[in-house]
1. Total Lys pairs in segment 72-159 closer than 25 Å by alpha-carbon, pairs eight or more apart in sequence or interchain only?
2. For Asn65 and Ser20, FRET efficiency with R0 = 35 Å and r from the beta-carbon atoms, rounded to 0.05?
3. Excluding Ser67 itself, calculate the net charge of residues whose Cβ lies under 15 Å from the Cβ of Ser67, where each Lys or Arg counts +1 and each Asp or Glu counts -1.
4. Going by average Cβ density within 10 Å per residue, which order do the peptides 114-124, 5-15 take, highest to lowest?
5. So how do 44-51, 206-213, 85-92 stack up, highest first, on mean other-Cβ count within 10 Å?
6. For a quick protection proxy, order the peptides 152-163, 29-40 by their average other-Cβ count within 10 Å, most packed first.
7. Under a 1.4 Å probe, what is the accessible area of segment 24-70 per residue, stated in Å²?
Amino acid sequence: MTPEITSFIIIFIFLIIIFSSFVSVKQGTIVVITVFGKYRRILTPGLNFKIPFIESIYSKISIQNRSVELEFQAVTFDQANVYFKAMLLYSVLDQREETIKNVAFKFVDDRNLMQALIRTVEGSIRAFVATKRQSEVLILRRDIVEHVKEQLDVILEGWGYHLQDLQLNDITFDDVIMKSMSQVVASNNLKAAAENEGQALLITKTKAAEAEGNAIKISAEADRQASQLRGQGVALFREEVAKGMSVAAKEMKDANMDTSVILFTMWTESIKHFAEHSQGNVIFLDGSTENMQKTMKEMMALNLLHDDKVKK
């Protein structure tokens, strides 16, 4: 072997050693280093140095959030099957060395980790649902999530992980139960609709009765006021007539004239009014002297009664 080839081989080996001595770690990743199979140290993101051929990379651990979807079945206290679809969000607890060691060495691989994690979540939910009735499960979604978090936090911390969130995306029952629940909801809606319709009808009839009662009151009040005004008008008319007759009688008395002329004039004016404004063809009047004298005496008596009231 020539010296040039030997030098080339030495340089090539040296370069391999140099390049294998540096390790580039991506952001969001932690590298676990072992020496002959024993844990040595961890490498953080960036460019790191390791001893060639002695230190080796055991695993690369992602500290980013990871998610997994779950589908499983549980049985309630009253023996109803409940089907869950959930989404589990978890991550490495922190970047401390002890935590990374737990993540790297607690499980053989990620497949075994996922199996243990999923079974633990399912078991916790099944244990909780087994103490509840079918009618309670749908309204206890938040309680189920809180129960699972409370149960898993300690276990996952021992594995080096933390449960970020658990979302129960879908909760269903057997078809028979779903149909019965739909019928219950429909019947409750019909009942509520009937009650609302009855209340609306009651309110309508009540308002109509109140409106009719108010209309009757207003009409009665209007009739009362109209009757009162008509009575007041008649009274004022009579009062004015009496005043006019009193004035006329006084003036005729001062002129030494017989006041009975006024009564006779009123009598003839009344007959004239009847004739002009009556819708009939015949007017029956007692034109006898006795009846005329009687009428005049009554009118004179009214006139004297009015004068006495005025004097008092």
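The values are calculated or read from the model by the stated rules, or taken from the named source; none is laboratory data. None of these values were measured; they are calculated from a predicted model. Glycine gets a Cβ as well: all are built from the backbone with ideal geometry, and neighbour counts include every protein chain shown. Remember, those area values only see protein heavy atoms, side chains included, never the ligands or the DNA or RNA. Shrake-Rupley method; radii C 1.70, N 1.55, O 1.52, S 1.80 Å.
1. 5
2. In this case the efficiency is close to 0.65.
3. Surrounding charge for Ser67 is -2.
4. In decreasing order of mean packing, 114-124, 5-15 become 114-124, 5-15.
5. Top to bottom by mean Cβ count within 10 Å: 85-92, 44-51, 206-213.
6. 152-163, 29-40
7. Averaged over the residues of segment 24-70, the accessible area is 64 Å².
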